[in-house]
Amino acid sequence: MNCFVNYIEELSNSDDTAHRYPENLKRISEYEDIKTSTNNIKLNKYVIGLLNRASQTRYHKYLKSLSNKSILPIKKIRKADVSYFSYVYPFNIYHKLLKNSVIRINYQTDRVLKWRGKKDINKYRYERGKKLGKFDCVMTTTKHSVEKIKNYLPSSETTVRYCPNFLPYLNTATKLKNNQKGNRIKILFVGGDGHRKGLKNFLKAVQEIKNKHKKRISITVVSKYDPKINLELVKLNKYNSLKKEDVIREMKSSNIFCMPTKSDSYGIVYIEAMSMGCAILSDDDITRKEIVENNEVGLCVDPNNVEEITKSIEKLVQDRRSRRKYMENARSVFEKKFSPRVVAKKHHDIFRSVIQDDHD
């Protein structure tokens, strides 16, 4: 099977994770018989940058439909059995040339859209549905969103399928990390935009328990945001940023991953932490509840409730048996749902079904 992936090399250093998802798919051939080709038109870097800047001017209402549009290599499209996109759309004219097109999205819940200032959520979803309806298949990363997306599509001809993100760089830890009584418990927070990711409330919660557990816990924070909270009595390591491999290394040595985010369309970082055997403390939006299997791998809290965050952290610190159960379950759930082998097979099956539908 030949798959065209709308991955634009010149955007690989972008902080926008939507540009990095297609890059991961280039490695799917390590698991399935799928050969990939990518978008090598160098002009795209300038086209996308120019249109995105233009759509932020006072002419936004006229130009917003042009943002995140890319030029496609026609020869590669014609040779492909299936075409894969992730937020970077082709110009409308190319839809006539696309063969078995698939677009991957993270469904944005009401909480996410409200945080982003969307006043008319239904109108936004229907406008988005018009774009998605031009593809043969929408691949969504959460089960709960499948039926919701169908409601906003203009036609039932576009299928909606569930498939987690393909993360080929992840492998589970070789053995369960030290969880013996008396050992220092390492708690990790990773979130570049710490304001949105809930760093302030996380540190407020740690401040509440620092006197009681100062000799039992150590905190590692990876974030550019500085909430200016003093944690003198707690061992604290603070990094503005780390490379991906260094973040994974921190996760591998941590017992608890804590990020009570206020807004996130998905949360790959939780899956990364699960793959390394961390107990999870997340917010209680429906997407995170699905990722952590409704408290099977950790605890979900109201991200705005410092008292609830405090009690949950304290439970994970004090209750060694529960913590160990969550850590073991985290790796087990990752292997069953999110491992590269499992997700690559899901991609293969979805691509094959899209191709088959075209032949029927």
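What follows draws every value from the coordinates through simple rules; no lab data is involved. Values in this document were obtained by computation on a predicted structure and should not be read as measured data. Cβ atoms come from the backbone with ideal geometry, glycine included; neighbour counts cover every protein chain shown.
The distance separating the Cα centre of region 112-142 from that of region 283-339 comes to 28 Å. Report the calculated FRET efficiency for Ile71 and Glu290 (r = Cβ-Cβ distance, R0 = 41 Å), to the nearest 0.05. Efficiency for this residue pair is about 0.70. Taken along the Cα-to-beta-carbon direction at a fixed 7 Å, the label points for Glu147 and Glu314 span 3.9 nm. Checking the table Lys134/Lys289; Lys243/Lys346; Lys75/Lys244; Lys130/Lys197; Lys197/Lys336; Lys148/Lys252 against a 32 Å threshold on Cα-Cα, which pairs fail? With Cα atoms farther than 32 Å apart: Lys75/Lys244; Lys148/Lys252.
Per the Kirkwood definition applied to all pairs of different Cα atoms, how many angstroms is the hydrodynamic radius of region 205-306?
This gives a value of 14.5 Å.
Fully extending the segment from Lys325 to Asn237 would add 29.0 nm, taking 0.36 nm per residue of separation and subtracting the current Cα-Cα distance. Computed from point charges on the beta carbon alone (+1 for Lys and Arg, -1 for Asp and Glu), the dipole magnitude for region 185-338 about its Cα centre is near 700 Debye. At 37 °C and a viscosity of 0.692 mPa s, what translational diffusion coefficient does Stokes-Einstein give for region 259-360, taking Rh as the Kirkwood radius over Cα pairs? Give it in µm²/s as a whole number. Diffusion coefficient, whole number: 222 µm²/s. Dividing the alpha-carbon radius of gyration of region 125-281 by the rule-of-thumb value 2.2 N^0.38 Å gives 1.29.
Selection among Cys278, Phe334, Asn211 by position relative to the dipole of region 185-338 gives Asn211 as farthest towards the positive end (Cβ unit charges, Cα centre).
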